[in-house]
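K.L.:
First, the structure itself, so that you have it in front of you.
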Amino acid sequence: MDKVVIYGNGSLARDFYYCLKYFSDHEVVGFTVDRNVLVDGRLCDRSVVPFDAVESHFPPDKHKMIIAVGYVQNNKVRKEKFIRSKEMGYRLMNFISPKAIVHPETSIGENCFIDHNTIISPEAKIGNDVIIRSGCYIGHDVVIGDHCFFSPGVSVAGTVNIGSGSYFGVSSVVRNKVSIGEECVIGAGAIILEDAGDRSVYLGAPATLLSISSNELPLG
């Protein structure tokens, strides 16, 4: 049984803990966060240690890690911790729910979380550090870049390309053969029928392009 450390101390970290506890053969032995946000030394009856000291508590040659950070700052915080933990020598694990349907032809990177009742169709390619929450549908031949976040109930039709760092709100929909740029924000319930440029922000159904960049949104 592999021992795992979870980066994070919020609700998402707690969700990851329970998924690993009840739906995997991994053992979560502790949590870690940056020292300046460490407000409690315990979570789910496990120790929470400062990230700058995690190697001494949970050596990377004996522990895996998974980064449980949401879409804070357009996924940039999770990306930063993904890169740093790899520099420390940690192996970043994936969680794929046994209640998900992931076709064997699917390519999946590192530090990916695929939640319950998600369906991923043949020949999809999922990059590193991608979170796909419950009840999502990812169509055939979809390519998802690194560091993306999919809220529950997102539907992406076939042959869609999604740039790195993009966020999809609850129950948003993307039409087939559409390209989504990097660091886009697709709001809850939005229906995307056209290509979206880098850092685009869309709301509504059908979606309306807002005249602001995703960098201006206070995400997280």
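Readers should treat all values here as calculations from the given coordinates under stated rules, not as data from a laboratory. Note that the structure is a prediction, hence the values are computed from the model and not measured. Neighbour counts are summed over all protein chains in view; Cβ atoms, including those assigned to glycine, are modelled from backbone coordinates with ideal geometry.
K.L.:
What ranking of I101, I67 emerges when the number of other C-beta atoms within 10 Å of each C-beta is taken as an exposure proxy, fewest first?
P.N.:
Lowest to highest Cβ neighbour count: I101, I67.
K.L.:
Based on the Cα coordinates of segment 1-94, what is the per residue volume of their convex hull in Å³?
P.N.:
On the way: hull volume 8.4 nm³, N = 94.
Spread over its residues, the Cα hull of segment 1-94 gives 90 Å³ apiece.
K.L.:
Just grab the label-to-label distance for D45 and D141, each label 7 Å out from Cα along the Cβ direction, in nm (one decimal).
P.N.:
Placing both labels 7 Å along Cα→Cβ, they lie 5.0 nm apart.
K.L.:
Would you mind putting 30-38, 114-122, 146-154 in packing order, based on average other-beta-carbon counts within 10 Å, highest first?
P.N.:
Ranking, from highest mean packing down: 146-154, 114-122, 30-38.
K.L.:
Calculate the spin-label point distance for I119 paired with N215, positioning each point 7 Å from the Cα along the beta-carbon direction, and give it in nanometres.
P.N.:
3.9
K.L.:
Mind jotting down a quarter of the surface of the convex hull over the alpha carbons of the chain, in square nanometres, one decimal?
P.N.:
Approximately 11.2 nm², given one-decimal rounding.
K.L.:
Just to confirm the number: angle between the C-alpha axis of helix 11-23 and the first principal axis of the chain, 0 to 90 degrees, nearest 10?
P.N.:
That helix lies at roughly 80 degrees to the long axis.
K.L.:
Please arrange M1, M88, M65 by counting, for each residue, the other beta carbons lying within 10 Å of its beta carbon, fewest first.
P.N.:
Numbers: M1 7, M88 12, M65 24.
So the residues, fewest neighbours to most, are M1, M88, M65.
K.L.:
What size of dipole, in debye to the nearest 20, comes out for the chain about its Cα centre when the only charges are +1 on Lys and Arg C-beta atoms and -1 on Asp and Glu C-beta atoms?
P.N.:
Rounded to the nearest 20 debye, it is 380 debye.
K.L.:
Taking the simple approach of a point 7 Å from Cα along Cα-to-Cβ for both M1 and A188, what is their distance in nm?
P.N.:
It works out to 3.7 nm between the two label points.
K.L.:
Going by how many other Cβ atoms sit within 10 Å of their own, how do T159, T208 line up, fewest first? Intermediate values should be presented prior to the final figure.
P.N.:
On the way: T159 15, T208 12.
Taking fewest neighbouring Cβ atoms as first place, the list is T208, T159.
K.L.:
If you take every DSSP beta bridge fully contained in segment 3-68, what fraction is antiparallel? Give it as a percent rounded to 5. Present the calculation step by step, with values, prior to reporting the outcome.
P.N.:
Working: 2 of 15 bridges.
DSSP beta bridges in segment 3-68 are roughly 15 percent antiparallel.
K.L.:
Okay, moving on. Kindly count the pairs of lysines across segment 27-153 whose alpha carbons are less than 18 Å apart, treating pairs on different chains or eight or more residues apart as eligible.
P.N.:
5
K.L.:
Using 0.36 nm per residue, how much length does the chain from D25 to N161 gain when fully extended, once their Cα-Cα distance is taken away?
P.N.:
On the way: separation 136, 0.36 × 136 = 48.96 nm, distance 3.27 nm.
Stretched fully, the D25-N161 segment lengthens by 45.7 nm.
K.L.:
Rounded to the nearest 10 degrees, what's the angle between the helix 76-88 long axis and the longest principal axis of the chain, both from Cα atoms, 0 to 90?
P.N.:
For helix 76-88, the angle is close to 40 degrees.
K.L.:
I've got another one for you. Expressed as a rounded percentage, what relative contact order does the chain have, with Cα pairs under 8 Å and six or more residues apart?
P.N.:
Details: 613 pairs, mean separation 25.1, N = 220.
Rounded, it is 11 percent for the chain.
K.L.:
Relative contact order for segment 94-220 using alpha-carbon pairs under 8 Å, separation at least 6, rounded to a whole percent?
P.N.:
Averaging sequence separation for qualifying contacts and normalising by length gives 14 percent for segment 94-220.
K.L.:
Show that you can apply the helix-only estimate: for the chain, add -39,500 (n - 2.57) for every DSSP H stretch of four or more residues, divide by all residues, and state [θ] at 222 nm to the nearest 500.
P.N.:
It comes out at -4000 deg cm²/dmol, rounded to the nearest 500.
K.L.:
What is the percent of Cα-Cα separations in segment 138-195 that go past 16 Å?
P.N.:
Result: 31 percent of Cα pairs exceed 16 Å.
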